[in-house]
1. Counting every Cα pair in the chain, what percent are over 30 Å apart?
2. How big is D for the stretch 121-162, in µm² s⁻¹ as a whole number, if Stokes-Einstein is applied with the Kirkwood radius of its Cα pairs at 25 °C and 0.890 mPa s?
3. Evaluate E = 1/(1 + (r/R0)^6) for S91 and A3, where r is the Cβ-Cβ distance and R0 equals 35 Å; express this FRET efficiency to the nearest 0.05.
4. Most mobile of L154, L122, L110 per a Gaussian network model of the chain (Cα springs, under 10 Å)?
5. E17 to M134: extension gain in nm, 0.36 nm per residue of separation minus the Cα-Cα distance?
6. When the accessible area of the chain is computed with all protein chains present and a 1.4 Å probe, what percentage of it is carbon and sulfur?
7. Among G58, G34, G111, whose mean-square fluctuation peaks in a Gaussian network model of the chain (Cα, cutoff 10 Å)?
8. Which of the chymotrypsin sites (Phe, Trp or Tyr not before Pro) found in the stretch 59-163 are loop residues per DSSP with 15 or fewer other Cβ atoms within 10 Å of their Cβ?
Amino acid sequence: PVADEAGVKRAMQAYREKGPSIDECKIYLGTIGGLEGLSAAGSLPTYNFRAGSFAGAGKITGQTLADTLLVDRESCYACRNNCKRIVKADSPYEVDPTYGGPEYETGSSLGSLLGIDDLTALCKANEICNAYGMDTIAAGATMAWAMECFDRGLMTPADTGGLDIRFG
């Protein structure tokens, strides 16, 4: 049994109301389509796991991606889901479609976990990670840890080459 059965049911209902259907997720929005629903349910990794909801979730979700930067969808070999995103942007950051686009783990790790609600910046970070063969989840988690250290005074601009690495 769970400690708060009513709370779990409320979270599930919030996700059902805000989250995409399975078909929307697989075919149209990709796994990043569930990001806003997870935020509504309180289970979206946010600010290095300090929170479970992110006010900017609607700006970085699959629907926003589909409406703005998405240029195509692809599949892995022999997969029918077409969940791979292909994105392109020219401004304020140039994003090369060669490197694909963010899915849920990338959207949360390089977005809400860092307090970032700029979709183009998130797609650029995804591109940089892919270009260098870096795992987007590990990259986002490492940056979130550094941001938390900075917030708590454990790191200073002297440690970061003068960079202010606060959330957002």
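1. Values: 2719 of 14028 pairs.
Looking at the chain, the distances longer than 30 Å represent 19 percent of pairs.
2. The diffusion coefficient I find is 217 µm²/s.
3. Working: r = 48 Å, r/R0 = 1.37.
About 0.15, to the nearest 0.05.
4. L154
5. On the way: separation 117, 0.36 × 117 = 42.12 nm, distance 3.41 nm.
Separation in residues times 0.36 nm, less the Cα-Cα distance, equals 38.7 nm.
6. Percent of accessible area from carbon and sulfur atoms in the chain: 55.
7. Of the options given, G58 has the highest mean-square fluctuation.
8. Values: sites: Y77, Y93, Y99, Y104, Y132, W145, F150; in loops: Y77, Y93, Y132.
Those that pass, being in a loop and sparsely packed, are Y77, Y93, Y132.
The values are calculated or read from the model by the stated rules, or taken from the named source; none is laboratory data. It should be emphasised that the depicted structure is a prediction, and the values quoted were computed from it without experimental measurement. Reconstructed Cβ throughout: ideal geometry from the backbone, glycine too, with neighbour counts over all protein chains shown. Remember, those area values only see protein heavy atoms, side chains included, never the ligands or the DNA or RNA. Shrake-Rupley method; radii C 1.70, N 1.55, O 1.52, S 1.80 Å.
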